[in-house]
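Working notes, structure below.
The values are calculated or read from the model by the stated rules, or taken from the named source; none is laboratory data. The structure displayed is predicted, hence computed values, not measured ones. With ideal geometry, Cβ positions are generated from the backbone for all residues, glycine too; neighbour counts draw on all protein chains shown. Accessible surface areas use protein heavy atoms only, side chains included; no ligands, DNA or RNA. Shrake-Rupley method; radii C 1.70, N 1.55, O 1.52, S 1.80 Å.
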Amino acid sequence: MPLRHLMKAASAAVLASAMALPAMAQAPAASVVDTIRSRGSLICGVNTGLAGFAQPDSQGVWRGFDVDYCRAIAAAILGDGSKVRYVPTTASNRFTALQSGEVDVLSRNTTWTLSRDTSLGFDFAGITFFDGQGFMVRTNLNLASARQLDGATVCVQPGTTTEQNLTDWARANRITFRPVVIERLEEVVGAFVSGRCDAYTTDISGLASTRAVQPRPADFTILPDVISKEPLGPLVRHGDQRFADIVRWVHFALIGSEEMGITAATVDQAVASDARPEAQRMLGRNGDLGQMLGLPNNWVVTVLKTTGNYAEIFTRNLTPIGVQRGPNALWTTPGGLQYSPPFR
C-alpha cells in the first residue's frame with residue numbers, strides 16, 4: 001500500500017478512536033438512588049455530636065433534627081427510615097466525605113453559600129433551618145453586646161463560614177480579638193467552658209445546643225447580636241438531579257404537611273378524607289406525583305409515619321434545648337419563612 005494510503009488509514013483510525021473516547025467517558029454511572037437501593041441503606045453524613053441536631057443517645061442510637069431528615073430521605077427511597085448508616089463528619093472533612101462518595105448526602109448544619117454551591121460541586125436541596133451567627137459568653141462577665149468583646153479571646157472552628165464571618169464582623173466594627181482556632185467541636189467547646197476563651201462563636205442554634213448540655217446552663221449567656229445569615233440545609237453532589245429532587249421534596253413534604261395539619265398520627269385519616277385536593281395529591285391517593293420522582297405515590301405517607309411533619313421534628317429535637325421557631329415558623333406565621341411550593 002502506498003505511504004499516503006497508509007497515512008490516510010492511520011489518521012482515520014486515530015480519528016475514530018478520538019470520537020469513541022467521549023462516548024466511553026460519558027457512560028452513565030449508577031444513580032445515587034439505584035446505589036442506595038442496591039446497598040439497602042442510605043449513608044448520611046452528620047455532625048460528630050451536636051445536641052438537638054445529631055448525637056447518639058446512651059444506647060448509641062442517633063437522634064436529632066438533621067438525623068430525622070436522614071430518616072425521612074431513607075423512608076422515601078427505601079420505605080424504611082431505619083435503613084440509615086450515619087457517618088460522623090467534622091467541619092473540615094465533611095465536604096471531602098461527600099465529594100468522595102463516602103456519604104450519599106450531608107445533613108450536617110451546613111451553610112448554603114455560593115462557593116459551596118458551585119466550586120465544590122454540590123447542590124443544596126433546600127433551607128431546612130434559618131440560622132445566624134452569634135456569641136456566647138460567661139454570664140458573670142456581664143456583657144450586653146458582642147461589641148464589648150474588643151480585645152477578647154474567641155473560640156472558633158476553622159474551615160467554616162463562622163471563622164470568615166468573625167473576621168469580617170470584627171474588621172467592619174473595628175474590633176480586635178485573639179482567635180483560638182480548634183477543629184473538633186468537642187474540643188472547641190471544652191476550651192470555652194474551661195475558660196480558655198472569653199467567648200465562643202458559631203450558629204446561634206449551635207450555641208443553644210452547647211449551653212443546654214452544660215451542668216449549669218445559666219452560667220452562660222448568648223448575646224443578642226446576630227452577625228450573619230446562615231441558611232442551613234442538606235447537600236448532595238452535582239450530577240444526579242433525581243436524587244437532589246427527592247431530598248428537596250422530602251423537605252417540602254415535611255413543610256407542606258405541617259401547613260395542611262397532617263401529622264404522624266393523622267396521616268391515615270388524611271388519606272381517607274376527600275376534604276383537600278392538594279393533600280390527596282401529596283399523599284398519593286390521587287395523581288402520580290410520586291412516580292415523577294421515581295418513588296411510590298404514597299411515599300409522603302411513609303415519611304410522615306417515620307418522622308412526623310416539620311413541626312413534630314422541630315418540637316421533638318430543638319424545643320427541648322430552648323430553640324424557638326422564629327424564622328423557621330411557617331410563612332403563614334408573622335416572621336416565618338418556611339414555605340413549600342405546591343404539590344401539583
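Calculate, for residue 92 and residue 288, the FRET efficiency according to 1/(1 + (r/R0)^6) with r their C-beta to C-beta distance and R0 35 Å; round to the nearest 0.05.
Working: r = 43 Å, r/R0 = 1.24.
So, using R0 = 35 Å, E works out to roughly 0.20.
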Distribution of pairwise C-alpha distances over the chain, 20 Å bins, in % = 28, 49, 17, 5, 1
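Using DSSP H assignments, which helices in the chain have an axial alpha-carbon span of 24 Å or above and a mean Kyte-Doolittle hydropathy of 0.5 or higher?
Values: long enough: 3-25 (33 Å, 1.15); 241-259 (26 Å, 0.11).
Those that pass (Cα extent of 24 Å or more, hydropathy at least 0.5) are 3-25.
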Residue 214 to residue 266: FRET efficiency via 1/(1 + (r/R0)^6), r the Cβ-Cβ distance, R0 45 Å, to the nearest 0.05?
-> 0.75
Estimated inter-spin distance, residue 242 and residue 305, nm [label 7 Å along Cα→Cβ] = 2.4 nm
Just the accessible area for residue 202, please: 1.4 Å probe, Å², rounded to the nearest 10?
-> 20 Å²
Take the Cα of residue 226, step 7 Å along the line toward its Cβ, and report every residue of the stretch 142-167 whose backbone nitrogen sits under 20 Å from that point.
-> 144-148, 161-167
State the Cα centre-to-centre distance between the stretch 149-205 and the stretch 289-303 in whole Å.
-> 44 Å
Over the stretch 171-309, the quotient of the Cα radius of gyration and 2.2 N^0.38 Å is 1.53
Inter-site label distance for residue 144 and residue 39 at 7 Å from Cα along Cβ, in nm | 5.3 nm
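Residue 275 to residue 171: extension gain in nm, 0.36 nm per residue of separation minus the Cα-Cα distance? Could the numbers behind the result be given before it?
On the way: separation 104, 0.36 × 104 = 37.44 nm, distance 5.62 nm.
Answer, rounded to one decimal: 31.8 nm.
For every helix of n ≥ 4 consecutive DSSP H residues, a contribution of -39,500 (n - 2.57) applies; sum these over the chain, divide by its total residues, and give [θ] at 222 nm rounded to the nearest 500 deg cm²/dmol. Display every interim value, and only then the final one.
Working: 14 runs with 139 residues, N = 344.
Here the helix-only value at 222 nm equals -12000 deg cm²/dmol.
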Multiply the residue separation of residue 120 and residue 339 by 0.36 nm, subtract the distance between their alpha-carbon atoms, and state the gained length in nm to one decimal.
-> 76.1 nm
